[in-house]
Each structure stands twice: as C-alpha cells, then as structure tokens.
Amino acid sequence: MAPNNSTPPSGAGGMSDAVGRVRAYHQRTKHMPERYARGPGYLDWASQPDPFRRFSGVRVVELPLVGDDGTPPYDALFHSTETPPRPLTAESLGLFLELSLGLTAWKELQGTRWALRSNPSSGNLHPTEGYVVLPALAALSDRPGMYHYAPREHALEQRCVLGETAQNALAAGLPAGGFLVGLTSVHWREAWKYGERAYRYCQHDVGHALGALCFAAAALGWRAALLSALSDAEVAGLLGLDRASDFAGAETEHPDLIAAVLTDPAAAPPRGLAEGAVAGVRAGHWAGTANRLSPKRVDWPAIGTVEDAAVKPSTPPLPLRDAAVTGARAAAIHDAPRAAEIIRQRRSAVAMDGRTGLSLDAFLGMLARTLPDRPHPPWTAIDFPARILLCLFVHRVDGLSPGIYVLMRDETRLDAFRAACHQGFAWRHVESSGMPLYALDLGDCRRAAADASCFQEIAGDSAFSLAMVADFVRTLEEDGAWAYRRLFWETGLIGQVLYLEAEAADVRSTGMGCYFDDIVHRLLDLDLADDAWQSLYHFTVGGAVEDERLTTLPAYGHLPLERTSPSRRAPPRPMVRAGGDGG
C-alpha cells in the first residue's frame, strides 16, 4: 500500500472523523478468548516476505565491522556524561548502525536459518527499514547523500546524491557533525502472519527501533533527537518513499520518523529542518529500484483505513524537555559488561522457568529507567509527553508481595486513572521505591497474567509481567489521530529499556503482542463501553528456558573474512543463563 501523503481533512470535523476511524480500527483488532483479530488463519510459507530489503542499480558502500568497540560500561549510559563522543567516521557510523539496526546472531534449526537483530521485532519479521542522510564522509562519498542500510551485508546503498541546495539546507538545520536517520515500515511483512492487527505491531517495532537508535548513539557518546514536527509527506520526501517508480511491483514503505543524531551531545537538538531541505533532497540525483519481498500479497483493507486515518501532518515543535543530568555520577565499573555487549546479546525469551526471581533493587532499578523524566536514553530523544502507565503482575520479586501494581509514569493522571479503576483497589504507595508505584491488589496473580496474555504461560512463569496501558482517548482527541502511532512508539521505547535492563540483570525478557485487550480492562474494572484507557502491549521478564535444538551462529560469519576481525568471526561467548530464539 502506498503511503498517503495528502493533507488530512481540515477542521474539527475532519480530525474527529480520523479519530473515530482509528478508534474503530482499534476495537476491530482486539483479541478476545472467543474471537481473535482477523488474520490469515494459516501461514502461506510460499509468500513469506523477505526480511531484507535491497535496492538494485545503486552504489553499495561496505561498512567496517569493528572488533574492539570500546563502548562504555552499560550502566554508564545512565549515569555519566563523560563518554567521549566519537567523531563521525565510517567506523563509528558502522558501529552505530550495527548496534541499532544490525544483526546480532543467526539461529539455525533443521536446515532453516534466520537472523536476529539489535532492534527486536514482533514475530522476528522486521517490518522496519533504516535510512541515513549523511554529509560527505571519507571512505563513503565526497558528496552528501541519502542511503538505505542493508543489515545483512552491513552496507549502505546510496539512493540519492544531494546537490548544493540540499546540502546547504540540511547543514543549516543541523549542528556540525550531525546527520539524520529515518525509519519506515513495510506493513505487509507483519500482515503476512498477523493480518489486521499487524499495524499495531509495526508501530511497536518503530518504538523499539527508535530506542535502539538512542542506546547505540549513547554508547558512542552521541545523542539522538526525534524531529517530531515533520509530516509523513516530509519524511517520505527525504527518504524517497514517494518515488512510485522506484517501488514499482514492490511492497511500498510507510514513512515513520526522522531523528537527528548529534555527534556533539552538548549541541542543541534541532527543532525541525531548514526550509527547502526536503525539496532539495527530492531534487537530488536518485538511483535504485526496490526488490519485491513476496511473490504475492493479501490486501487487508482495515490496515489501509487506519493508515489513511493516522497520517501525520506537520505539527508545531513541542517544548524542549530538560535533559540536564542531575545527581552524582556513578563510578565506572570496569568488570561490568560494556554497552555493546549488552546490546549484542539481547534476545527475546520464548519460555520462562517458573523459578527465577529478581531482587527488589533490580526490579525497582528496571522500573526507574522506564520513567520519562529521567535524563537518560531513550527519553532524552523525545519531546512528546508520557501517556503510558504500567500495570504490573509481580510474581517473584524478593521483598515485594506478589500482586497487581501500577507505575504511574505520568503522576498527574493518578486521580483520573484511579477513578476509572475498581473502587476496591488498595492504592497503597510503595514509598521505598521513590517512584509513583502503587499496590492495587495483593495475591498470586500468575494465572491472571497468563490468561490476559492469550493464555501464554510465559507471562506467569516470569519474575514479573506487565501491561502497558495508554491514556488513549485523551491523547487522540488532544493530539490527533496520528498520535495513535506515537502511543505504540512509547510502548516500544519502554520495551527496549526492559530488554536491555533484563540482560544487564542476567535474566531475559520478551514483548508479547498477543493479549486479550478487554480481559486486561476487566481486571482493572475499566468501563468496556468507554475506551478512555487501553492496553497496548505486554511484556514479561524472568529466567529464560533455552531451546537446545537451536544452533547459534555469529552475526556476520557469512561475510568475507577480510571484512571481519578475528574477534567477530567466533560465536558470542556462552551465556550464564538460557536464551530464546525470538526477535
């Protein structure tokens, strides 16, 4: 489906109509025990989409694979402002893209092989594509250009050579050494397996990928900043998505977002792009034709409807968030895993052992890093307000009674959410947490967690699981129908924090897109006739069970030896605890 880059209807009536269509899509795609959202019913393996987009007729630039990455300890990403920023070179750019959108391993079972990536994906289907808009850079090009990132080859495909007008306009809007990164979605990749609900999962994945960009940037001493004012049409123009002939016969890509990457983290993030930047890029010298991912496709009209309703117009820049780091800097822990190691070892668990728990400090530390007012990645990248709270099913946390808890990430909405929930909930503040964390109902909630997550035992066999609940109608009515996407991006950002935090705590986690929406709402006693609050994503954290049938292969072992250093040719070091085979 081609992206709709037209201007949305003007006036309150047009906005209300778009919000209504988004709400209707959301209701239509809810899973229920007696009726799952409409999907294909079976997997047509002959039409499974290729997870790797390539462009023919382009110049391909191979990126270096860095052996000794030298990134700081993982914890330093949250406590220190002293990670020396690296200059923008082919090597640092290659490491940034590898740690954000690149491969981390291959899994193999009975002759079938599939890749895992730094950015997780629903069903490991990877609808998200990445692009970069770069200045002239030694070993890449003596001209600025726009490139598609090919993760399997760890290479850039030069889609556009920029002229002087575009170069000057982009330079006027970016600090020295800065560049742009763009994300797009091929919705068919998810719809092949998940049908109408796939649009939701694509938005989760955008949030995860944005989080992955933020953490990769921080590991290099850089900073990512979302350019939230841009319209879908502007994103499409910058990335060449509106060039219909380049996608003739191929699956088109939907414009998602553009972020600026600042190699000088002290530089002020741009508020948008300079006038003429998009037109200048459109006027550049373009090349390349997209490959076809599937021999045949199934059209899901519901996805087309929500795509059209959720088109983003240009919007005023939101107020800048204060990103000043407060508090004492944590001392460097020389034996702690480096950031790149944590990122590369991230996996999605496929089963939990039902035994492993967490210390209270580890649990509270994970939750603290999901809070949006903390001045660390990924929250320094965004300017939109927090609209997601966490409904927690606590099973095995030392020093904390099992039960259902809520973390109010926007504490100003405490009274509104409390009024919407069951009047018998205790709402006991866990004061020792130092956070807006409240106990609602104590007791064994393992069965309730599993039942709410499509009867998946992994939600009850973990140390804790959670539902991410959105301040839904308020967000759509205040910010527009396109903010439906942004709500899912926020859940993906939270999920990316939890993925890395779990790895650092020597456990494992996974996102779960399959859950019974209204069972979650019934557990909280939310009014089912009123969609003011809606559950958008589930997550679970605990001790993973290894699938011993799987063989793990190095991420880039398939590349020629001269492209990989000896340290990158061997499989990753064995893990103390088991891992899954998910995205």
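The values are calculated or read from the model by the stated rules, or taken from the named source; none is laboratory data. Being a predicted model, the structure only gives us computed values, none of them experimental. Glycine also receives a Cβ, built like all others from the backbone with ideal geometry; neighbour counts cover every protein chain displayed.
Give 239, 257 a once-over and let me know the one that is touching a His at 6+ places or on another chain (Cβ under 9 Å) and either assigned by TED's automatic domain parsing to the domain that holds residue 182 or not charged (D, E, K, R) (or both).
After applying the criteria, what remains is 239.
Anything in the range 411-452 that is out of contact with any Asp or Glu (no Cβ under 7 Å at 6 or more places or on another chain) and charged (D, E, K, R)? List them, or say none.
411, 415, 418, 428, 431, 441, 444, 446, 447, 451
Residue by residue through the range 11-50, note down the ones that are touching a helix residue (DSSP H, G or I) at 6+ places or on another chain (Cβ under 7 Å), in a loop (DSSP other than H, G, I, E, B) and either more than 20 Å from residue 528 (Cβ to Cβ) or not hydroxyl-bearing (Ser, Thr, Tyr) (or both).
30, 37, 38, 39, 40, 43, 48, 49
Among the residues of the range 30-57 satisfying the criterion of being touching a strand residue (DSSP E or B) at 6+ places or on another chain (Cβ under 7 Å) and of a type in the set (A, V, I, L, M), which is surrounded by the most Cβ atoms within 10 Å (Cβ to Cβ)?
Once the filter is applied, the top-ranked residue is 37.
Return the pairs, sorted by first residue and then second, in which the second residue is at pLDDT 95 or above and surrounded by fewer than 24 Cβ atoms within 10 Å (Cβ to Cβ), the first residue lies in the range 191-209 and is closer than 20 Å to residue 472 by Cβ and among the basic types (Lys, Arg), the beta carbons are less than 6 Å apart, and the residues are 6+ apart or on different chains.
197/29; 197/37
Which ranges mark the strands (runs of 3 or more DSSP E) fully within the range 464-583 that have 2 or more residues being at pLDDT 95 or above, surrounded by 15 or more Cβ atoms within 10 Å (Cβ to Cβ) and of a type in the set (Val, Ile, Thr)?
Of the strands (runs of 3 or more DSSP E) lying wholly inside the range 464-583, those with at least 2 residues that are at pLDDT 95 or above, surrounded by 15 or more Cβ atoms within 10 Å (Cβ to Cβ) and of a type in the set (Val, Ile, Thr) span 533-542.
Residue 445 is checked against (1) within 27 Å of residue 377 (Cβ to Cβ); (2) in contact with a Pro (Cβ under 8 Å, 6 or more places away or on another chain); (3) not acidic (Asp, Glu) and fails just one. What number does that condition carry?
(1)
Looking at residue 232, is it surrounded by fewer than 24 Cβ atoms within 10 Å (Cβ to Cβ), within 30 Å of residue 302 (Cβ to Cβ) and not β-branched (Val, Ile, Thr)?
No: the conditions fail for residue 232.
Going residue by residue through the range 195-209, is there one that turns out to be buried (at least 21 other Cβ atoms within 10 Å of the Cβ), in contact with a Lys or Arg (Cβ under 9 Å, 6 or more places away or on another chain) and among the β-branched types (Val, Ile, Thr)?
Scanning the range 195-209, I find at least one residue that is buried (at least 21 other Cβ atoms within 10 Å of the Cβ), in contact with a Lys or Arg (Cβ under 9 Å, 6 or more places away or on another chain) and among the β-branched types (Val, Ile, Thr), so the answer is yes.
Given the conditions (1) part of a helix (DSSP H, G or I); (2) surrounded by fewer than 21 Cβ atoms within 10 Å (Cβ to Cβ); (3) of a type in the set (Phe, Trp, Tyr), report the number of the one that residue 96 does not fulfil.
(2)
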